[in-house]
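Trainee: Sending over a structure as structure tokens; questions will come in a sec.
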Amino acid sequence: MPHPITLLALGDSLTEGYGLDPDDALPAALERLLRAGGHDVTVINLGLSGDTTAGGLRRLRAWLVRNPGFGNDEGAAPHCFAMVELGANDGFMGLDPQDMEENLAAILALLAERRVPALLAGFKAEFADDPDYAEEYDALFPRLSARFGVPLWPYVLEGVWGLADLTLWDGLHPNVAGVEQMARAALPYVLGLLGNGGAPDA
């Protein structure tokens, strides 16, 4: 029998579902869309509000130790996949984009060691007052995508950021409707990942 398909969603509050019930968080919404489309995929919520890329790296290392069976055999059709959504809090804290890039690279390398195809979820420095910082920050996601050969969901909050009807009181964290929009935006990238590790069809 084929292995059940698992998608590990590693992220921060945008993955965990800050202010929402777990069933309304992005992993659950994405799982519902996948199953509605006939894809029997279990999405694991490994999101943690407030987490940085450094924290995510530490948590992934610990999670992989606890889950030694998560990974794919060489030459076999993959059944374990991952989505990496981290970096927003690094930016809000003004942390060095170079350190952030190194942490994300280490995360992608850990997944590659397990032969786990990954989707990198990007963020944009719309919060930054310094244009040089924003430029350096925004450039690291496509650079990592090219370096590791992983598909890139360019901006997780595209069409959600700052919109009162799609966010909580803070104008940043998505409400239930915002999460549903994020899940719909993510779906073609995830389907591309599950199918061949590529970007969605044009």
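Trainee: Check region 62-73 and report whether any residue there is surrounded by 17 or more Cβ atoms within 10 Å (Cβ to Cβ) and of a type in the set (Asp, Glu).
Mentor: No - not one qualifying residue is present in region 62-73.
Trainee: State which residue is nearest to the chain's Cα centre (by Cα) when the search covers only region 110-132 and only residues that are modelled with pLDDT of 95 or more and part of a helix (DSSP H, G or I).
Mentor: Ranking the candidates gives Leu111 first.
Trainee: Can you tell me which residue among Ala25, Ala29 is touching a residue at least 40 places away in the same chain (Cβ under 8 Å), within 19 Å of Leu194 (Cβ to Cβ) and buried (at least 21 other Cβ atoms within 10 Å of the Cβ)?
Mentor: On the way: Ala25 fails: within 19 Å of Leu194 (Cβ to Cβ).
Selected residue: Ala29, the only one of Ala25, Ala29 that is touching a residue at least 40 places away in the same chain (Cβ under 8 Å), within 19 Å of Leu194 (Cβ to Cβ) and buried (at least 21 other Cβ atoms within 10 Å of the Cβ).
Trainee: Here is a follow-up. Can you tell me which residues in region 10-58 are of a type in the set (A, V, I, L, M, F, W, C) and out of contact with any Leu (no Cβ under 6 Å at 6 or more places or on another chain)?
Mentor: Within region 10-58, Leu14, Leu20, Ala25, Leu26, Ala28, Ala29, Leu30, Leu34, Ala36, Leu48, Ala54, Leu57 qualify.
Trainee: Can you name the residue in region 163-187 that is crowded, with 18+ Cβ neighbours inside 10 Å and assigned to a loop (DSSP other than H, G, I, E, B) and, of all such residues, is modelled with the lowest pLDDT?
Mentor: If we take residues in region 163-187 being crowded, with 18+ Cβ neighbours inside 10 Å and assigned to a loop (DSSP other than H, G, I, E, B), then Leu172 is modelled with the lowest pLDDT.
Trainee: Ok, one more. Kindly provide the set of residues from region 66-99 that are touching a strand residue (DSSP E or B) at 6+ places or on another chain (Cβ under 7 Å) and either farther than 20 Å from Phe123 by Cα or among the acidic types (Asp, Glu) (or both), ordered by number. Explain how you work it out, then say what you get.
Mentor: Our first condition is that a residue be touching a strand residue (DSSP E or B) at 6+ places or on another chain (Cβ under 7 Å); within region 66-99, this holds for 70-72, 79-86.
The answer is Phe70, Gly71, Asn72, His79, Cys80, Phe81, Glu85.
Trainee: Out of Val190, Val156, Val160, report the one residue that is among the β-branched types (Val, Ile, Thr) and in a helix (DSSP H, G or I). Working first, answer last.
Mentor: Details: Val156 fails: in a helix (DSSP H, G or I); Val160 fails: in a helix (DSSP H, G or I).
Answer to the check: Val190.
Trainee: Residues being under 20 Å from Val41 (Cα atoms) and buried (at least 21 other Cβ atoms within 10 Å of the Cβ): count how many of those fall in region 81-116.
Mentor: 7
Trainee: Based on this model, can you work out whether Gly91 counts as touching a residue at least 40 places away in the same chain (Cβ under 8 Å), among the small types (Gly, Ala, Ser) and within 27 Å of Tyr137 (Cα to Cα)? Can you show your working first?
Mentor: Working: touching a residue at least 40 places away in the same chain (Cβ under 8 Å): yes; among the small types (Gly, Ala, Ser): yes; within 27 Å of Tyr137 (Cα to Cα): yes.
Criteria met by Gly91.
The values are calculated or read from the model by the stated rules, or taken from the named source; none is laboratory data. Bear in mind that the values here come from a model prediction, so they are computed numbers and not experimental data. When we count neighbours, we look across all protein chains shown, and the Cβ atoms used for this are built from the backbone with ideal geometry, even at glycine.
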